[in-house]
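The values are calculated or read from the model by the stated rules, or taken from the named source; none is laboratory data. Because the structure is predicted, anything quoted here is derived from the model rather than measured. Note that each Cβ is placed from the backbone with ideal geometry, even for glycine, and that neighbours are counted across all protein chains shown.
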Amino acid sequence: MKSKIHRVKVTQAELHYVGSITIDEDLMDAAGLIENEQVHVVNNNNGERLVTYVIKGERGTGTICLNGAAARRAEVGDIIIIIAYGTLSQEEAAVFRPKIVFPDSHNKLVS
């Protein structure tokens with residue numbers, strides 16, 4: 001695991017969109033996610049899991065929007081976990097520490 005946004009709330013689900021997950025840029029920065037990076041999304045409410053890619057959302061809005069077919073896997077208000085993975089050598093992995101973000105109930109960074 002490279003990074004994780006733990007227990008964030010879905011704010012939108014847009015079925016008629018190309019695909020992906022839109023994430024508030026503040027949360028992306030805190031978790032070390034980059035636009036178009038592959039992520040796994042786990043829905044705590046219904047157990048659904050999916051793989052998609054990240055699109056930058058407007059900074060400071062708390063936006064978490066599942067787009068395209070992914071929109072069928074969650075409802076607004078569902079709690080999800082967003083996970084990104086990376087490949088490291090054994091030496092790199094021995095000292096690597098993932099970035100884990102625990103947003104508040106409004107998808108804002110906790111100070």
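Taking the range 1-18 as the range and being surrounded by 19 or more Cβ atoms within 10 Å (Cβ to Cβ) and part of a strand (DSSP E or B) as the test, the residues that pass are 3, 4, 5, 8, 13. For the range 39-53, a tally of residues being within 10 Å of the chain's Cα centre (by Cα) and of a type in the set (A, V, I, L, M) returns 3.
Residue selection: residue 54 satisfies the criterion of being touching a Leu at 6+ places or on another chain (Cβ under 9 Å), β-branched (Val, Ile, Thr) and modelled with pLDDT of 95 or more.
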